[in-house]
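Below is one structure, written out as structure tokens, with a few remarks after it.
Taken together, the values in this text are just the output of simple stated rules run on the coordinates, not laboratory data. Just so we're clear, the structure is a prediction, and the values are computed from it rather than from any experiment.
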Amino acid sequence: MNYCNQCGGPVQLRQPAGDDRPRHVCNRCGAIHYQNPKLVAGAIVEWDGKLLLCRRAIEPRYGTWTIPAGYMENGETVAECARREAREEAGADLAAMAPYALLDLPFIGQVYFIFRAGLAAPDVQPGAESLEVRFFDPAEIPWSELSFAVVRQVLRSYCADRPHGIYPFRQLAVPHEEGEGQDWQCGGHPAG
Ligand SMILES: [Zn+2]
């Protein structure tokens, strides 16, 4: 950040009085520009025992498979975000959503909230951000072609829970070393 979005003045990274870390502070109007983590919502979508995956038509990780997910917009709830992303990326109408997993990615300032969901109908079609959408049997998940470590982690957890038919809410850790820069980002909706 170089310029203040309130007055256009130059911005400097410094620690405001009473704060415990450096912030972008405007030299002209004094506005403090806080930067906070972004929340990504998504869903593991099940239909007839299979899982819906989307092949990315956008960078980063063009051509890899992912679950529908993306950054929250202002004015929507976490569940609404997951529903919107599924609609946009896969033409999918989510039903029977249940919270499933929370994944903290503090090293890139993101939090993922993942639902399990069914579909109102099995009609899906790739949206502008997807090359194709497909239902995979869990045994056919293309592990080596998944887009992000966070997607691998949540699908691993799902596949471990699935034989028991019980899906308790999971707070999943994602090892930092698995995430190399861009590999972690959910590129569906570039950060504003
Ligand atoms: Zn300013």
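For GLY127, the residues whose modelled amide H falls within less than 5 Å of its own, excluding neighbours fewer than 5 places apart on the same chain, are ALA90, GLY91. Residues considered: PHE113, PHE148, PHE169. Largest GNM mean-square fluctuation over the chain, using C-alpha springs under 10 Å, is found at PHE169.
Compared with the dominant principal axis of the Cα atoms in the chain, helix 78-90 is inclined by about 60°.
Largest GNM mean-square fluctuation among VAL40, VAL154, VAL124, using the chain with Cα springs under 10 Å: VAL124.
Residues in region 127-144 carry Karplus couplings, in order, of x, 4, 9, 10, 6, 7, 10, 8, 8, 10, 5, x, 6, 9, 4, x, 4, 7 Hz; the curve used is 6.51 cos²θ - 1.76 cosθ + 1.60 with θ = phi - 60°, and Gly or Pro positions show x. Coupling constants for region 167-172 follow from the phi torsions by the Karplus curve (6.51 cos²θ - 1.76 cosθ + 1.60, θ = phi - 60°), and in residue order they are 10, x, 5, 10, 9, 9 Hz; glycine and proline get x.
Mean projected area of the Cα convex hull of the chain, taken over all directions, amounts to 12.4 nm². Taking amide H as placed 1.01 Å from N in the peptide plane, ALA57 has its amide H under 5 Å from the amide H of GLY63, SER130, LEU131, each at least 5 places away in sequence or on another chain.
Residue separation of HIS33 and ARG156 scaled by 0.36 nm, minus their Cα-Cα distance, works out to 40.5 nm of gained length. Comparing mean-square fluctuations of SER130, SER157, SER144 from a GNM of the chain with C-alpha springs under 10 Å, the top value falls on SER144. Computed from Cα positions, the angle between helix 149-161 and the longest principal axis of the chain comes to roughly 40 degrees. Taking amide H as placed 1.01 Å from N in the peptide plane, the amide H of LEU146 sits under 5 Å from that of TRP65, each at least 5 places away or on another chain.
Oblate is the label for region 83-136. Its Cα gyration tensor axes, ordered a ≥ b ≥ c, give a/c of at least 1.5 and b/c at or above a/b.
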